[in-house]
1. Suppose we filter 256, 225 for residues that are touching a Phe, Trp or Tyr at 6+ places or on another chain (Cβ under 7 Å) and crowded, with 24+ Cβ neighbours inside 10 Å; which single one remains?
2. State the number of residues belonging to the stretch 66-83 that are farther than 20 Å from residue 115 by Cα, of a type outside the set (D, E, K, R) and part of a helix (DSSP H, G or I).
3. Within the stretch 268-324, how many residues are surrounded by fewer than 18 Cβ atoms within 10 Å (Cβ to Cβ) and aromatic (Phe, Trp, Tyr)?
4. Please count how many residues of the stretch 114-155 are in contact with a helix residue (DSSP H, G or I) (Cβ under 8 Å, 6 or more places away or on another chain) and charged (D, E, K, R).
5. For the stretch 192-226: of the residues being assigned to a loop (DSSP other than H, G, I, E, B) and of a type in the set (A, V, I, L, M), which is farthest from residue 295 (Cα to Cα)?
6. In the stretch 119-179, which helices (runs of 4 or more DSSP H) lie fully inside it and hold 2 or more residues that are more than 20 Å from residue 211 (Cα to Cα) and out of contact with any Lys or Arg (no Cβ under 8 Å at 6 or more places or on another chain)?
7. Hey, can you tell me all the residues within the stretch 82-138 that are of a type in the set (Lys, Arg), surrounded by fewer than 24 Cβ atoms within 10 Å (Cβ to Cβ) and touching a Ser or Thr at 6+ places or on another chain (Cβ under 9 Å)?
8. Residue under question is residue 76, and the condition is that it be acidic (Asp, Glu) and surrounded by fewer than 18 Cβ atoms within 10 Å (Cβ to Cβ); does it hold?
Amino acid sequence: MKRRTFLNTSIFASLGLFFGKAVFASSSNKQNVSISTSEKTLNNPVVVSTWKHGTEANKAAWKSLKLGKSALDAVELGVRVTESDVSNKSVGLGGRPDRDGNVTLDACIMNHESECGSVAFLQHIENPISVARKVMENTPHIMLVGSGALEFALENGFKKTNLLSPDTEAEWKRWKESETQKKPEINHENHDTIGMLAMDKEGNLSGACTTSGWAYKLPGRVGDSPLIGAGLFIDNEIGAACATGMGEAVIRIAGSHTVVELMRQGHSPTDACKLAVERIIKKHKNLEGLQVGFLALNKKGQSGAYSTYSGFNYAYTDQNKEELIDAAYKMEW
């Protein structure tokens with residue numbers, strides 16, 4: 001009898017533990033779903049982009065997001081505005097040429113599934129970002145350059161355009177006649193790439209980066225802007241980042257990837273950008289004119305930026321506000 005009582009007690013105790021665990025697990029699962037749902041509400045659409053010219057780019061991107069389009073659609077449409085703005089002399093149409101007077105464009109795009117496309121040293125095409133997306137979606141490749149990129153663009157319906165505007169041509173001719181051609185100046189006026197990051201209503205991230213590069217660069221020079229991991233990087237689990245400024249410095253630390261990885265470690269977008277800038281400073285002996293800025297957006301929709309020198313800003317747009325934000329920085333000019 002004692003043995004039977006012991007066995008019965010053990011069985012019921014085991015059943016109690018089993019059902020207790022089941023109830024606890026069910027309760028835990030409900031709690032996790034609740035937390036997940038709560039976090040989901042934070043994923044309201046948001047778009048950020050580098051520099052003042054990002055304000056107009058954001059308007060196009062935001063219009064797309066409001067219509068329920070993907071973050072990928074939004075960033076492409078957004079930066080196309082800047083690419084087609086002839087008054088902007090650092091991106092697309094009207095961009096400053098290389099040493100020989102040729103406008104060469106670099107761009108890349110990346111979505112929430114880590115799919116990406118890129119073009120570099122592309123001539124005669126007004127919207128390289130759209131060519132980059134075609135590379136991503138229509139080829140098994142990630143990057144096309146030079147004549148191959150141009151041929152691909154023409155095969156896909158893009159039209160040849162004279163990218164050198166009268167203003168930028170006149171500036172280039174003056175530079176050619178001056179002594180400064182011996183050492184093109186790197187400053188905050190001649191390399192302001194546009195990078196754009198967006199999160200859509202599904203909480204998915206995408207980004208785009210496009211530029212005409214370093215003014216009066218050596219023919220064939222390519223900076224960070226079309227390089228995934230340098231000028232742009234997206235990890236849909238963590239966040240997104242893009243870079244602007246001296247591309248050579250950004251490439252040295254795989255800048256945008258570094259910012260995202262720092263966010264993975266728990267740093268805020270601003271702190272992640274700051275740490276990446278400090279790493280660049282540490283890697284360079286000469287900081288004269290070394291302007292680099294990073295812009296980041298995490299999965300909660302929080303944004304931040306940081307630059308080596310003052311003067312960097314970014315455009316921010318969500319359902320509640322639209323503003324131009326001055327980034328924190330390490331040094332004054």
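Each reported figure results from applying straightforward, stated rules to the coordinates on display, with no laboratory input. Small disclaimer: the values here were computed from a predicted structure and weren't measured. Reconstructed Cβ throughout: ideal geometry from the backbone, glycine too, with neighbour counts over all protein chains shown.
1. None of the other options fit; the residue is 256.
2. Looking only at that region, the number is 2.
3. Number of matching residues: 0.
4. 4
5. If we take residues in the stretch 192-226 being assigned to a loop (DSSP other than H, G, I, E, B) and of a type in the set (A, V, I, L, M), then 218 is farthest from residue 295 (Cα to Cα).
6. So the answer is 128-138, 166-177.
7. 89
8. When the stated conditions are applied, residue 76 does not pass them.
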